[in-house]
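As C-alpha cells, the structure follows; a few thoughts come after it.
The values are calculated or read from the model by the stated rules, or taken from the named source; none is laboratory data. None of these values were measured; they are calculated from a predicted model. With ideal geometry, Cβ positions are generated from the backbone for all residues, glycine too; neighbour counts draw on all protein chains shown. For accessibility, only protein heavy atoms count, side chains too; no ligands or nucleic acids. Shrake-Rupley method; radii C 1.70, N 1.55, O 1.52, S 1.80 Å.
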Amino acid sequence: MRRLKALGVRVLLWFLGRGACACARLDSRVAAEVAGWAEGQRLCLRIGSAGPAMALAKEGGRLRFLGLRTVPEADLVIHFKHLEGALPVFLGQQSIAGAYAQRRMTLRGDLTFAMSAVRVLLITEAYLFPGIITRRIMQRVPRREVSMGRVYLRTLLPT
C-alpha cells in the first residue's frame, strides 16, 4: 500500500511541477512571481528522507521543471516529514498552511522566496484542482485567467 501511495504522490508532484511551469507561461500572477526570483533559484519539494520529490528552477528567465528528484543545492526545500503527512495536501484534503500548522512539514531557505513559491503553488492548484476542492482548502480561491483545459494541455505537452 505504501508503494501505491508513493506512486500516487509522484504522479501528483509531476502534475504540480509541470503545472507550475504551465501557469508561469499562461497566468500573469505566476509569471510576475517567477520574474521576481533570482536567475538559477531552485525549489525542491520532498517527502521523507527517501520519498518522492520534485524540483523547479528559474533558468533562462523561465520556470523549468527539473524532474521528480531532490536537488541538494536547492535554495528552498519544502520537506514533508512523511508520506502520510503529505498525502492529504496532495489529494486536496488539506491546505499547505494547515499542514505547516500541524508540523507535517518543514521549510529550509529564504522566507520571502518561500512565500512567493507558495503563492505560485496555490495558483497552480487552483488550476489543477476542481472548484469543490479548492474552496475547501483555500481561504480565497484565486480566479483563473485562462481555462483549466489550456493549463492541462500545456502541462501534458512537452516543452
Entirely in the range 1-92, the helices (runs of 4 or more DSSP H) that have 2 or more residues that are over 18 Å from R108 (Cβ atoms) and among the small types (G, A, S): 2-26, 28-35
Residue tally, condition touching a residue at least 40 places away in the same chain (Cβ under 8 Å), open to solvent by 20 Å² or more (accessible area, probe 1.4 Å) and either farther than 26 Å from P142 by Cα or of a type in the set (A, V, I, L, M, F, W, C) (or both), over the range 25-59: 2
Some residue of the range 28-51 being more than 14 Å from L121 (Cα to Cα), out of contact with any strand residue (DSSP E or B) (no Cβ under 6 Å at 6 or more places or on another chain), modelled with pLDDT under 95 and of a type in the set (S, T, Y): yes
Selection within the range 76-90 - closer than 13 Å to A50 by Cβ and touching a helix residue (DSSP H, G or I) at 6+ places or on another chain (Cβ under 7 Å): F80, L83
Matching entry among R154, R136, R108 (being among the charged types (D, E, K, R), open to solvent by 70 Å² or more (accessible area, probe 1.4 Å) and part of a strand (DSSP E or B)): R108
Search result, residues across the range 122-133 that are part of a helix (DSSP H, G or I) and touching a helix residue (DSSP H, G or I) at 6+ places or on another chain (Cβ under 9 Å): L122, I123, T124, E125, A126, Y127, L128, I133
Which numbered condition G85 misses (of (1) touching a strand residue (DSSP E or B) at 6+ places or on another chain (Cβ under 8 Å); (2) open to solvent by 40 Å² or more (accessible area, probe 1.4 Å); (3) more than 18 Å from I123 (Cα to Cα)): (2)
Extreme residue, nearest to P52 (Cα to Cα), among residues of the range 111-128 that are open to solvent by 30 Å² or more (accessible area, probe 1.4 Å) and of a type outside the set (V, I, T): L122
